[in-house]
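The values are calculated or read from the model by the stated rules, or taken from the named source; none is laboratory data. Note that the coordinates shown come from a computational prediction; the quantities given were computed from them, not determined experimentally. Using ideal geometry, Cβ is built from the backbone for each residue, glycine included, and neighbour counts are taken over all protein chains shown. The accessibility values were calculated without ligands, DNA or RNA, using every heavy atom of the protein model including side chains. Shrake-Rupley method; radii C 1.70, N 1.55, O 1.52, S 1.80 Å.
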Amino acid sequence: MPRRYDPERRQRIIDAAIRVVGRKGIAGLSHRTVAAEADVPLGSTTYHFATLDELLVAALRQINERFAAMLAERLPADDGPGDLAADLARVMGEWLAGDRTGVELEYELYLAALRRPALRPVAAEWTEEAAACLTRRTDPATARALLAVMDGICLQALLTGGSYDEEYARGVLARLIP
């Protein structure tokens, strides 16, 4: 039987992994659950991703790329310094007001790097890319501090189930900007 040409299969598997982790968490991820979600043979998942860590790396990288694109779009370099704190607070508000499951998924994959060393380089890439985006509007040390505070604010909102307070976030972020 000839092999069916399916150039989108690898991408469908990554998208399916993101959906599975979004619904069931990383603990619910297996080659079998991803194959069923992507509607592909089990062998396809192991062909493209020999290990679950390889699949998680691809999923985290894709999610990072989406967030980096959103950040670059919402914080154009040609805006000058402007009110960076307000701009970042607005971006976090838009992000948290969007698909909450997607935001939770992003943090779950990001934090999975604590226990899965294969994910650490991808988590570090995200930090570097986001910091580079912010350094178009501030110095490198401030950019990293802003990212750390943004992560803290987002995690608190996600973990407590509380509502996001954009004005509070703007005030906290403004304290870091020289």
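Tabulated values for the structure
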quantity	calculated
Share of carbon and sulfur in the accessible heavy-atom surface of the chain [1.4 Å probe, %]	55 percent
Neighbour net charge for residue 147 - beta-carbon separation under 11 angstrom, K R +1, D E -1	-2
Solvent accessible area, Å² - residue 74, 1.4 Å probe, full protein context	80 Å²
Cα gyration tensor category, rounded, prolate or oblate, for the stretch 63-178 with a/c compared to 1.5	oblate
Sum of side-chain charges, residue 23 neighbourhood, beta-carbon under 15 Å (Lys, Arg +1; Asp, Glu -1)	-2
Whole-Hz couplings from phi, Karplus 6.51/-1.76/1.60, listed for the stretch 151-160; x for Gly and Pro	4, x, 5, 5, 4, 4, 4, 5, 6, 8
Under the Karplus curve 6.51 cos²θ - 1.76 cosθ + 1.60, θ = phi - 60°, whole-Hz ³J(HN,Hα) for the stretch 50-64, x wherever Gly or Pro sits	4, 10, 5, 4, 4, 5, 5, 4, 4, 5, 5, 4, 5, 5, 4
Fluctuation leader among 112, 17, 59 - the chain, Gaussian network, Cα springs under 10 angstrom	112
Built amide H within the under 5 Å cut-off of residue 75, gap 5+	none
Low-density loop cleavage sites - chymotrypsin sites (Phe, Trp or Tyr not before Pro) in the stretch 1-102, where at most 10 other Cβ are within 10 Å (DSSP)	5
Which of 66, 115, 144, 9 is most accessible, then next, and so on - probe 1.4 Å	115, 66, 144, 9
Per residue solvent-accessible surface (Å²) - the chain, probe of 1.4 Å	54 Å²
